[in-house]
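A short reminder: the numbers here are calculations on the coordinates, not readings from a lab. This structure is a prediction, so every number in the text was calculated from the model and none was measured. In this analysis, Cβ positions are derived from the backbone assuming ideal geometry, glycine residues included, and neighbour counts consider all displayed protein chains.
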Amino acid sequence: MPVTLHDAFVPTAQQILAGMAKLVDKAEGYASDSGFDDAELIEAKLAENMWTLPWHVRACWVHSGYAINLYKTGGFTPDFTDIPDSWVAMRAMIADAQSQLDAITPEELEAVAGETVGFILGGKRLMEMTGQNFLLSFNQPNFFFHATTFYDILRMKGMPLGKMDFMGPLRVIGS
C-alpha cells in the first residue's frame, strides 16, 4: 500500500504536537513546584541568538496546518505575528495546529502535492518547490527542529523529561 503525503506528515505532526501539549502542562507544573517564575521558563532560550519557548510553539504551528492551508494559494509566507505569551496561549496555539491538521484530508493534500508553492518572505518569492517537496524538505524539518528545541529548552532548565515526553502518543495497534 503506497504512503500518501498525508500519511507521511499529518499523523506524525499530530503526535508530536500532542507531546508538546503535555510538555506545556508539565512545564507549568514544574515552574510552580520548583519555585520558578513562569517567565523564567517562558523566556528561556538555548542560546542568546535563538528564540524563546513560545516562538517554537508558533513555529510548529506555522510549519504544520497553517503551511498546508497556504499551499492552496501557491505561496507560503511564515506568520510570526501572534507569539503566545503564556502557558494557556501555548496550549491554544497547539490545539489550533491540531485542529487545522484534523481538517486536512488526504485527497486535499494529494491535490496540491505536485503544484508549485513559492516561499515568500518580505514580499519576495525566494524559491519554488512542489507542494510535496515543500512539505517534506522544508516544513517537516523546520517543524521537527522547533519541536525539538522546545523540548531542549525545558531539559536545559532542569525538567526531568525523557524521549517519550517528546514523542507523544505512539500509534500502536489497538489504540
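The table below gives the values:
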quantity: Spin-label model distance (nm) - residue 144 vs residue 88, 7 Å beyond Cα toward Cβ; calculated: 3.5
quantity: Candidate lysines for bridging to residue 72, where Cα separation is under 24 Å - those fewer than 8 sequence places away on the same chain excluded; calculated: 124
quantity: Of 132, 16, 57, farthest towards positive along the dipole that unit charges on Lys, Arg, Asp, Glu beta carbons give the chain; calculated: 132
quantity: Dipole moment magnitude, nearest 20 debye, the stretch 13-71 about Cα centre, only Lys, Arg, Asp, Glu C-beta charged; calculated: 380
quantity: Length gained when the stretch residue 110-residue 152 is fully extended (0.36 nm per residue, less Cα-Cα span); calculated: 11.8 nm
quantity: Among 76, 168, 114 - extreme Cα towards positive end, dipole of the chain, charges at beta-carbon; calculated: 114
quantity: Set of aspartates and glutamates with alpha-carbon distance to residue 163 below 14 Å, sequence-local pairs under 8 removed; calculated: 152
quantity: Principal semi-axes in Å for the chain [√(5λ), Cα gyration tensor, largest first]; calculated: 29, 20, 12
quantity: Global geometry of the stretch 121-165, whether rounded, prolate or oblate, following the gyration tensor of its Cα atoms and the 1.5 cut on a/c; calculated: oblate
quantity: Only Lys, Arg (+1) and Asp, Glu (-1) charged, at Cβ; the chain dipole about Cα centre in debye; calculated: 360
quantity: Shape call, the stretch 95-175: gyration tensor on alpha carbons, a/c limit 1.5; calculated: oblate
quantity: Residue 124 paired with residue 77, simple spin-label distance in nm, labels 7 Å along Cα-to-beta-carbon; calculated: 1.5
quantity: The stretch 27-89 shape via C-alpha gyration tensor axes, a/c threshold 1.5; calculated: prolate
quantity: Helix-only mean residue ellipticity at 222 nm for the chain, each DSSP H run of n ≥ 4 adding -39500 (n - 2.57), per residue, nearest 500; calculated: -17500 deg cm²/dmol
